[in-house]
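Everything below concerns the one structure shown next.
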């Protein structure tokens, strides 16, 4: 209750589980694994980790008067042994980019393997603290790639007042 708009679950008796379900003020017909259920009490005894799918039909031709229906499908076979995902688990959504890790090699010692360095991002510093002095300078050290001739410097930040800053400059 509270997760599906317009779904109301009423308990007719406080001592016995006598549930009545209404969707948009119409009685709801229940189906468990495609079998019509007359009693919602039986469904209330099913542990949540054994439910595979709940489908809500605002109008269902198999229900009385072409009314609302809720179809509940339980897990079968090997699905019963699988753990339910916790709400704290990480979920990957298709369409979102993966967080990149920016590799910055250390050429102060010669590398073990001879390879070409073709990185696009030469230096990535997500946190740089700058003093309030207008004449302050920041020293940044990095190793160049084998192909870079120009440098495009992009600096983004936020002031103490919450204003956004963007500086973009190309250096040769």
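Read the figures in this text as sums done on the coordinates, not as results from a lab. Keep in mind that what you see is a predicted model, and the values were worked out from it rather than measured. With ideal geometry, Cβ positions are generated from the backbone for all residues, glycine too; neighbour counts draw on all protein chains shown.
Relative to its Kirkwood radius, the Cα radius of gyration of segment 7-76 gives an Rg/Rh of 0.96. Protection proxy ranking of 46-54, 104-112, by the mean of other Cβ atoms within 10 Å over each peptide's residues and highest first, is 46-54, 104-112.
What ranking of 115, 73 emerges when the number of other C-beta atoms within 10 Å of each C-beta is taken as an exposure proxy, fewest first?
By the 10 Å Cβ count, ascending, the order reads 115, 73.
Over segment 100-172, the reciprocal of the mean inverse Cα-Cα separation, the Kirkwood hydrodynamic radius, stands at 14.9 Å.
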